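**Student:** This is the structure, below, for whatever I ask next.
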Amino acid sequence: MTLEDLLRRIEHLQKEHTGPVIIGVVGAPGAGKTTLVEQLMKRLMAEQEISAQQHYAHVPMDGYHLADVELSRLGRLDRKGAPDTFDAHGYAALLRRLREPRNAVVYAPGFERTIEQPIAGAIPVYPSASTILTEGNYLLLDELGWREVRKQCTEIWYCEQDDELRVERLIARHIRFGKTPLAAAEWVEEVDEPNGRLIGTTRDRADLVITLEEVTAV
């Protein structure tokens, strides 16, 4: 499976569906979901004229993180990133809205890692956007709220990455955004990896399984 294969698959889905195509990309923390989607977006937009670049949008699940103030109120701040620390229903509602005919810009929330907080209205999705890529951890989770997310996606792809490399990159990312090496390693072991094991149980529900080492090497 190469980047070219994935681009051809997107093209096939575009031809097969008359309405908007929403492709979800899922995987454990640090698996490389965002990197893959960014690579796909770069290629998709490069192949279009500038005036046509609004045909594509990248809407990440991370915009639906609950803010720290709400996680503190709920007593969940110490496990931020678990399924119940996201607004799954709000995320599903956004994807549902993007599947429907639109005559105005839809503004999706983003996530700013430097402050580790969601940012409202950060991502414009234009009415002409007919292919939307979305990525996150729990798109295949068989739980209330997340089931509705799955229903809104045309396909969902599961990303696999070598676990040792994935954990190494995950720790490095936490350090880059402010944690000490010890705190980063502890967070990965106590929070990220349990979440990763849960995400792994959803693998068989995916429409496609991608080995990231092969894709990013092309």
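**Student:** If you wrap a convex hull around the Cα atoms of region 28-156, how much volume per residue is inside, in Å³?
**Tutor:** Numbers: hull volume 15.0 nm³, N = 129.
Per-residue hull volume (Cα only) is 116 Å³.
**Student:** Okay, next question. Taking each pair of distinct Cα atoms in region 127-211 once, what is the resulting Kirkwood hydrodynamic radius in Å?
**Tutor:** Numbers: mean 1/r = 0.0684 Å⁻¹.
Hydrodynamic radius (Kirkwood, Cα only) of region 127-211 equals 14.6 Å.
**Student:** Under a crude label model (7 Å from the Cα following the beta-carbon direction), how far is residue 73 from residue 34 in nanometres?
**Tutor:** For the pair residue 73/residue 34, the computed spacing is 2.6 nm.
**Student:** Right, here's the next one. Only bridges with both residues in the chain count here: give the DSSP antiparallel percent, nearest 5.
**Tutor:** Details: 7 of 24 bridges.
For the chain, the DSSP antiparallel bridge percentage is about 30.
**Student:** Check each of the trypsin sites (Lys or Arg not before Pro) in region 1-89 and keep only those in coil by DSSP with at most 14 other C-beta atoms within 10 angstrom; list them in order.
**Tutor:** Numbers: sites: 8, 9, 15, 33, 42, 43, 73, 76, 79, 80; in loops: 76, 80.
Sites meeting the loop and neighbour criteria: none at all.
**Student:** For residue 46 paired with residue 176, estimate the spin-label separation in nm (one decimal), with each label point 7 Å from Cα along the Cα-to-Cβ line.
**Tutor:** Reported label-point gap for residue 46 and residue 176 is 2.0 nm.
**Student:** Could you state the accessible area per residue of region 30-108 in Å², with a 1.4 Å probe and every protein chain left in place? Provide the component values of the computation, followed by the final result.
**Tutor:** On the way: 4070 Å² over 79 residues.
On a per-residue basis, 52 Å².
**Student:** Tell me, how many Å apart are the Cα centres for region 1-28 and for region 116-177?
**Tutor:** So the two Cα centres are separated by 15 Å.
**Student:** How large a share of the accessible area of the chain, in percent, is made up of carbon and sulfur atoms when the probe is 1.4 Å and the other protein chains stay in place?
**Tutor:** On the way: 5490 of 10950 Å².
The C+S portion of the solvent-accessible surface of the chain is 50 percent.
**Student:** Continuing with the same structure: If you line up the long axis of helix 3-16 against the longest principal axis of the chain, both from Cα atoms, how many degrees apart are they, to the nearest 10?
**Tutor:** Taking the Cα atoms of the chain, the angle to 3-16 is about 50 degrees.
**Student:** What are the extents of the Cα atoms of region 105-154 along their three principal axes, listed from largest to smallest and rounded to whole Å?
**Tutor:** Taking the Cα atoms of region 105-154, the three principal extents are 31, 29, 14 Å.
**Student:** Same structure again: Determine the equivalent ellipsoid of the chain by diagonalising the alpha-carbon gyration tensor, then write out the semi-axes as square roots of 5 times the eigenvalues, largest first, rounded to whole Å. Show your work: numbers first, answer last.
**Tutor:** Working: eigenvalues 149, 84, 54 Å².
They are 27, 20, 16 Å, listed from largest to smallest.
The values are calculated or read from the model by the stated rules, or taken from the named source; none is laboratory data. Values in this document were obtained by computation on a predicted structure and should not be read as measured data. All Cβ positions, even for glycine, are placed from backbone atoms using ideal geometry, and neighbour counts span all protein chains on display. When the accessible area is computed, the model is the full protein with side chains, heavy atoms only, and any ligands, DNA or RNA have been set aside. Shrake-Rupley method; radii C 1.70, N 1.55, O 1.52, S 1.80 Å.
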